[in-house]
Structures are given as structure tokens and as C-alpha cells.
1. Take the residues of the stretch 518-527 that are surrounded by 15 or more Cβ atoms within 10 Å (Cβ to Cβ) and at pLDDT below 95: which is nearest to Ala547 (Cα to Cα)?
2. Yes or no: the stretch 501-514 includes at least one residue that is in contact (Cβ under 8 Å) with a residue 12 or more places away in the chain and under 30 Å from Gly591 (Cβ atoms).
3. Taking the conditions exactly as written (free of Cβ contacts under 8 Å to residues at least 24 places away in the same chain and either closer than 27 Å to Ser118 by Cα or in a strand (DSSP E or B) (or both)), does Arg467 satisfy them or not?
4. How do the pairs read when you match residues in the stretch 393-420 that are free of Cβ contacts under 8 Å to residues at least 24 places away in the same chain and in the same structural domain as Lys502 (by TED's automatic domain parsing) with residues anywhere that are of a type in the set (D, E, K, R) and surrounded by 12 or more Cβ atoms within 10 Å (Cβ to Cβ), using Cβ under 8 Å and keeping only pairs 6 or more apart or on different chains?
5. Restricting attention to the stretch 336-361, and to residues there that are among the aliphatic types (A, V, I, L, M) and at pLDDT 95 or above, which single residue is farthest from Asn295 (Cα to Cα)?
6. Right, Gly130: modelled with pLDDT of 95 or more, in the same structural domain as Ala159 (by TED's automatic domain parsing) and in contact with a strand residue (DSSP E or B) (Cβ under 7 Å, 6 or more places away or on another chain) or not?
7. Restricting to the stretch 122-162, give me the number of residues that are in contact (Cβ under 8 Å) with a residue 12 or more places away in the chain, on the phi > 0 side of the Ramachandran plot and surrounded by fewer than 17 Cβ atoms within 10 Å (Cβ to Cβ).
8. Can you tell me which residue within the stretch 1-54, out of those that are part of a loop (DSSP other than H, G, I, E, B), of a type in the set (Gly, Ala, Ser) and within 29 Å of Leu241 (Cβ to Cβ), is modelled with the lowest pLDDT?
Amino acid sequence: MRIMRLAGIAVFISGALSFLSAQTSGNVPLDDLSFFQAPSGNWKIAGNVTADLDKNESLKLKQGKGILVNDPGGKHGEDLRTAGEYGDFDLHLEFMMARGSNSGIYLQGLYEIQLFDSWAAAHPRFSDCGGVYERWDEARPEGKKGFEGYAPRINAARAPGLWQTMDISFQAARFDAYGRKTANARLIWVIMNGVVIHENLELTGPTRGAWGEEKPTGPLRLQGDHGPVAFRNIRIDNYNLPPLSLGEMTYAQYFVEGNDQITGPGDLKPVKKGTTAVLTQEVCTENEKFALLFNGPLQIPVAGEYHLDFNFYGRGNVRIDGKTVIEKSWGGRQVDFQLSAGVHQVEIFYVKMESWMPNGLAFYISGPGIRRQPLHAPGSEPIGSLSRQIFIDFEKDPVITRSFVDFNPGDGQKAHRITHAANVGFPNGSCFGYDLSYGTVFQVWRGGFLDATPMWNDRGDGSSRARGSVLHLLDAPAVAVLANENQAWPDTLGQTEGFRPKGYRLNPAGEPTFTFQAYGASFDDQVSPADGRFTRRILVSGQPQGALYARAGKGTTIEPLEKNLFRVDGRYYVRTPEKSAAKPMVRASGGGEELLIPFSGNAVEYELIW
């Protein structure tokens with residue numbers, strides 16, 4: 001009896017903590033430090049932060065709000081913890097490292113994801129940025145006290161003083177009513193700067209430096225006892241509710257011939273009826289000319305906006321409480337839909353006429369306090385492409401591959417296909433994409449070289465994809481003649497400008513120099529690699545028809561820093577030679593800013609650092 005009472009108390013406490021967690025789910029306010037528990041003096045709120053690329057552990061702060069900064073000032077600071085505690089949650093944040101700095105994110109105060117200035121690391125370890133720090137046991141022999149650290153898959157780190165992104169999906173350890181652990185904690189995934197660096201990783205126990213023992217909930221803890229670090233745009237999505245499930249469903253199967261556009265059974269007579277405990281197309285043994293109609297209850301615990309994701313191999317439509325939420329569509333669709341608390345009736349109509357593809361039906365849902373989860377049987381999922389992946393790797397000399405590239409930077413630029421792209425990969429792992437149509441570098445990345453599966457598998461579509469952490473730049477002309485400093489930058493170069501691509505030539509090291517003609521002159525465009533940076537030098541021969549400029553950057557905000565250094569949207573740097581006679585110019589452009597560099601003599605040169 002006493003044991004049962006203790007278990008009930010544990011459940012009550014866990015429920016209370018879940019309620020507290022639910023109140024702190026969402027965007028973390030950074031107008032002050034009230035979201036955190038007893039913050040020490042090394043933690044501050046700022047409006048802007050920059051780093052010194054030539055000085056260790058140096059961050060410069062400007063007054064304002066929106067950025068959380070650990071600024072120990074050369075002293076030993078303290079860690080920062082949230083007032084609320086969390087079980088399962090997703091975390092999104094942006095962070096900035098000072099040069100040579102060290103910090104970390106402790107999930108539940110126990111499991112550390114390392115933050116470190118690992119910009120130049122050739123072979124990242126668990127102690128580099130994005131690594132899962134090692135566990136520690138003093139009882140183990142010397143040299144083996146540390147164990148089970150996990151390095152990131154690739155080094156996706158950016159340069160000091162640049163904003164980087166981290167997305168973490170965490171599943172807490174599980175405990176029974178008596179407090180005994182029944183399952184280890186797990187990283188569902190960690191995505192850093194757009195690249196998956198961990199996936200489905202089991203955490204067998206707390207890492208070194210953990211606060212306390214494992215339990216169902218714990219705070220988010222930011223390390224402050226090492227070097228300077230800054231955070232912004234922090235969001236915590238807390239999943240404190242149990243999973244959803246569809247109740248027992250009725251289904252009916254129909255024979256369909258010559259009409260795959262039907263949206264309901266109409267006058268069709270069912271060839272089979274039944275019930276199923278779980279949504280699955282496996283109730284049907286046919287492979288073509290059939291339709292399935294499912295009806296079943298869905299219990300929603302909390303009112304709010306839910307994200308519904310339906311996938312079909314064939315066509316389907318979905319109604320909830322008699323209202324159409326997914327119109328008749330091929331392959332499925334996603335929709336956000338408001339649902340009240342209570343029981344809702346779900347109706348799914350699935351039609352498949354083709355025999356050349358397998359059957360497939362899947363339904364995912366996520367919402368307030370509920371992580372994205374399947375409501376279908378595992379065997380019902382459309383299996384997708386089973387093609388093997390075809391990668392192009394680095395070699396001892398630079399690798400150059402021509403292909404289409406689907407360019408979708410997602411920052412206001414229009415998504416489109418680049419049809420005349422040359423992808424260049426250097427032995428040190430640095431890569432760039434060059435659009436021969438405009439004579440411009442449109443993206444840079446580090447990690448792997450190319451995924452050529454879309455280009456070479458089966459018939460292919462001619463495109464390849466960058467493998468690694470990609471920095472999207474601009475797919476627009478890199479050089480232009482301007483009548484005055486206020487003339488708008490051209491979107492394209494064509495017959496009016498006399499543009500003609502002339503291909504490229506290789507130097508003895510195998511590095512390409514791209515050549516093109518425009519404005520009555522000839523241009524040589526060479527991009528040379530270093531760790532985390534490229535040096536770009538454009539030479540012109542002939543007499544251009546006016547004042548010639550290169551556009552080195554464009555964004556919402558371009559900040560001039562010391563030593564001819566400019567930071568573009570906090571995403572990358574542009575640095576011009578200190579002794580260059582050319583004076584870079586930041587000017588307004590289309591609601592943002594752009595960085596122009598006039599040609600000095602017959603050349604323009606700058607470093608791109610990311």
C-alpha cells in the first residue's frame with residue numbers, strides 16, 4: 001500500500017512538471033533573463049554581437065534585446081539553466097562562437113552536445129562542435145575513464161562570429177512507476193547548419209559534467225564556465241502528451257475501372273467490408289483498380305493547430321467531421337488544421353489504378369504537446385525509392401563535374417534550376433558551385449562533394465546535390481558596369497551586355513579559372529581554397545564600357561567591421577586586401593543591402609569566409 005502511494009505521488013509530481021514544461025514551450029523570450037533560474041553575472045542580454053577573428057575568446061556586445069550572451073570577461077563563469085523542466089522536446093537555436101571558445105548544450109542538464117570553435121578541424125571528434133561529449137567513470141583505468149563520446153558525421157562548423165543553427169530532437173529516458181529506468185534517452189536527430197550530424201543515437205547515460213542522475217524531466221542547461229558564446233532565436237517544443245492513435249476503423253473495398261478521379265464510393269458496391277485496429281492498405285490484396293474507404297475516431301486531447309501529413313501511392317482525399325481537409329491529390333499532401341479537444345471522425349478515401357507501383361498509405365500527425373507520429377501500420381507506408389546512392393568523392397586533385405543544380409536558398413530568392421552549373425571540389429573538402437550562365441559563384445560548402453544519384457540513377461534528371469553544409473549565395477551576375485553608384489544591379493547578363501561564357505582552363509594544380517566575356521572585355525575568374533574560406537580574384541582585359549564593379553555580397557544587413565571585413569546577415573564574411581586601392585561600398589538594394597567592390601586597375605580580389 002505504501003508503495004502504491006509513493007508511485008501515485010511520483011505520477012503527480014511528473015504531471016506537475018509536465019504542466020510547468022507546457023507553460024514554457026515555444027519561443028524563449030530574450031528581452032531579459034526571467035526565463036532562466038538564478039542567472040549569474042556572466043550571462044547578459046544584448047542587441048548585437050560580433051567576434052574578433054584574430055583574438056581568442058573575444059565577443060563584442062551592443063546594447064539591445066534578443067541575444068543571450070555568456071560574457072565571462074576572462075573569469076570563471078557559471079552555467080545557465082531554464083526555470084522549466086522538459087521530458088521529450090525539440091530544440092531550435094542559433095549560436096555564435098568566439099574564436100577558440102568552448103561551450104555546450106546540456107539536455108535535461110545531463111547530456112552535452114558540444115559547442116566549440118571547430119571551424120578548421122579536418123577530422124572532428126566528440127569534443128568538436130556538434131559532438132556528443134564523452135561519459136566519464138573515475139573507477140575505470142587511466143586513459144579509459146572517458147568513453148562513449150560521439151563525433152559529428154562531418155565538420156559543419158562555421159567561422160567564429162557567424163550565426164550557426166542547431167536543431168535537436170530529444171527523447172527522454174523512460175522510467176516505470178517505481179523509478180526504474182526502462183529505456184535509455186535518445187537523440188532522434190541533431191541537425192547543424194542544415195546537415196544531419198547524429199541520427200537515432202542512444203544515450204546510455206549522462207555525459208561528463210552532468211548535473212545529477214537521470215530522471216523523466218530536467219532543465220535545458222547552457223554551459224558558461226568556459227568561453228564566450230551567444231544564442232538567439234531559441235525555441236523549445238515540449239512533447240508532454242502521450243501519443244495519439246486512431247480507434248478501431250471500419251473499411252470498405254471497391255472495384256474501380258476507368259475513373260481514378262472519383263472522390264467517394266458513390267453508387268459503387270463494396271466487394272469487401274470489415275474492421276481494422278490500425279490504418280493500413282494491407283487490408284486489400286489487390287494491386288490495381290481498387291478503392292478503400294476508411295472511417296474511424298481520433299481522440300484529440302488539447303485544442304490547437306495540428307499538422308496532418310498524408311502520403312499515397314495513388315490518389316486520395318481526407319475528410320474530418322465531414323469537412324474536406326485534403327482534396328483529391330496524387331501522392332498525398334500536408335495541411336495545418338484546427339482541431340478542438342474531443343473525438344473527431346476521420347474518413348480516408350484511397351484509390352489506386354496502377355499496377356506498376358506498390359500500394360501505399362500513410363498518415364502522420366503532430367500538434368500541441370505531440371511529436372510527429374504515424375497513425376498507420378508500419379507496413380502501410382509508401383516505400384519510396386529503393387535506388388542506391390551514387391556519390392562523387394574528392395580526389396588528390398580538384399574534381400569538376402558539370403550538371404544541373406536545383407537552387408532553392410529559401411531566403412527570398414526564387415527557386416529555380418541552374419542548367420549550366422560546374423561543381424568544384426578540392427582535396428581539403430572545400431567546394432563551390434559556379435553558374436556559367438552568369439559567371440558567378442552561387443554556393444559554397446564543406447563536407448562531402450556530390451550526390452549524383454538524381455543524375456545517374458536509371459534515366460536520371462541531370463541534376464546533382466551538394467553533400468555537406470551548404471552556404472547559399474546569389475545566382476546573379478558577379479560583375480556589372482554601372483553608370484553611377486545608384487544604378488540597380490542587373491538580374492541577368494545577356495546580349496545587351498555582350499555576355500558569352502568561354503568555359504574554363506586548369507592551372508598546374510588542377511584548379512579551374514572560369515572565363516567569360518561581357519561589356520566588351522574578357523574576364524578570368526579564379527576561386528582558390530583555404531580552410532573555411534575561398535580567395536576570389538577576377539581579372540579583366542580590354543576596355544569595359546563604363547565603371548566596373550564586382551558584387552561580393554547581398555543580404556538584409558551588411559555590417560562593416562575592422563580591417564576591411566564585412567559580415568553579411570551574420571552568415572558569412574567578405575574581406576578585401578588591406579592595401580587594396582579599391583574602396584568597398586555598402587549600399588541599399590531592394591529592401592536590403594549589397595556590397596560592391598570597384599575594380600582597381602584590372603582586378604578585384606576578396607576573401608569569402610564562412
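The values are calculated or read from the model by the stated rules, or taken from the named source; none is laboratory data. Keep in mind the model is a prediction, meaning the values are calculated, not measured. Cβ sites come from the backbone with ideal geometry, for glycine too, and all protein chains shown count toward neighbours.
1. Ranking the qualifying residues of the stretch 518-527, first place goes to Tyr519.
2. No.
3. no
4. Listed pairs, sorted by first residue: Ala415/Asp406.
5. Ala341
6. Working: modelled with pLDDT of 95 or more: yes; in the same structural domain as Ala159 (by TED's automatic domain parsing): yes; in contact with a strand residue (DSSP E or B) (Cβ under 7 Å, 6 or more places away or on another chain): yes.
The answer is yes for Gly130.
7. 1
8. Ser25
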